[in-house]
1. With the dipole of the range 2-159 worked out from charges on the C-beta (+1 for Lys and Arg, -1 for Asp and Glu) around the Cα centre, which of 80, 147, 109 lies farthest toward the positive end?
2. What is the Rg over Rh value, at two decimals, for the range 5-98, using alpha-carbon atoms and the Kirkwood definition of Rh?
3. Kindly flag which residue pairs out of 2/150; 91/150; 51/91; 14/35; 35/91 have an alpha-carbon separation exceeding 25 Å in this structure.
4. For the range 151-160, just list the computed ³J(HN,Hα) in residue order, Karplus coefficients 6.51, -1.76 and 1.60, θ = phi - 60°, integers in Hz, with x standing in for Gly and Pro.
5. Per the helix-only calculation at 222 nm, which mean residue ellipticity applies to the chain, given -39500 (n - 2.57) for every DSSP H run of n ≥ 4 and division by its residues, nearest 500 deg cm²/dmol?
6. Calculate the dipole size of the range 2-159 relative to its Cα centre from +1 charges on Lys and Arg beta carbons and -1 charges on Asp and Glu beta carbons; express the result in debye to the nearest 20.
7. Please compute the modelled spin-label separation between residue 146 and residue 159, points set 7 Å along Cα→Cβ, answer in nm with one decimal.
8. Which of the peptides 125-131, 25-31 is most tightly packed, and how do the rest follow, judged by the mean count of other Cβ atoms within 10 Å per residue?
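Where a number appears in this text, it was derived from the coordinates with a stated rule and is not lab data. Everything numeric in this text was worked out from a predicted model, so none of it was measured. Positions of Cβ are backbone-derived with ideal geometry, glycine not excepted, and every protein chain shown enters the neighbour counts.
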Amino acid sequence: MKLRVIATGGTIDKVYFDAASSYDVGDPQVEPLFKEANVTFDYTIESVLRKDSLAMTDEDRNLIRQRVEASPERLILITHGTDTMTQTAEKLSDIADKVIVFTGSMLPARFRTSDAIFNLGCAVGAVQVLPPGVYIAMNGQIAPAHAVKKNRSLSRFERKD
């Protein structure tokens, strides 16, 4: 398996600055998480953006699309902020012949109690077995991107009714 990871920022990559009581998007956290998990597959990590997803623009989404289309790999994992993950996924919905799985986290990967490791592992498993399409892997669920929405009050993704 050859996997391309496209890191776009979001909570998964956030760094907490205690003195300022603020968060900034830092370096992609996929590399240290993959090393910690001792993964054995071939992967490339491409940092495309370092933004909170609420700050993403249509130009940013077009850039992500361009990077997916330019990727020689068929298997694509995108780390993304959860607030606008479904909007970006929609922009990629007509890309054929690639398996594209979005994931992220509700808490920064650097936090001990983060869901980042679990979500990333689910996404890696999903990208290997799904047919071409665009999916979201969050909270132990894998679903077509158009079929889910974020429930902010419960801090999770759910299927749309």
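1. Final value for the positive-end residue is 147.
2. Ratio value, two decimals: 0.99.
3. 2/150; 35/91
4. Listing the rounded values in order: 9, 5, 5, 9, 6, 7, 9, 9, 5, 6 Hz.
5. Result for the chain: -8000 deg cm²/dmol, rounded to the nearest 500.
6. 340 debye
7. 1.6 nm
8. 25-31, 125-131
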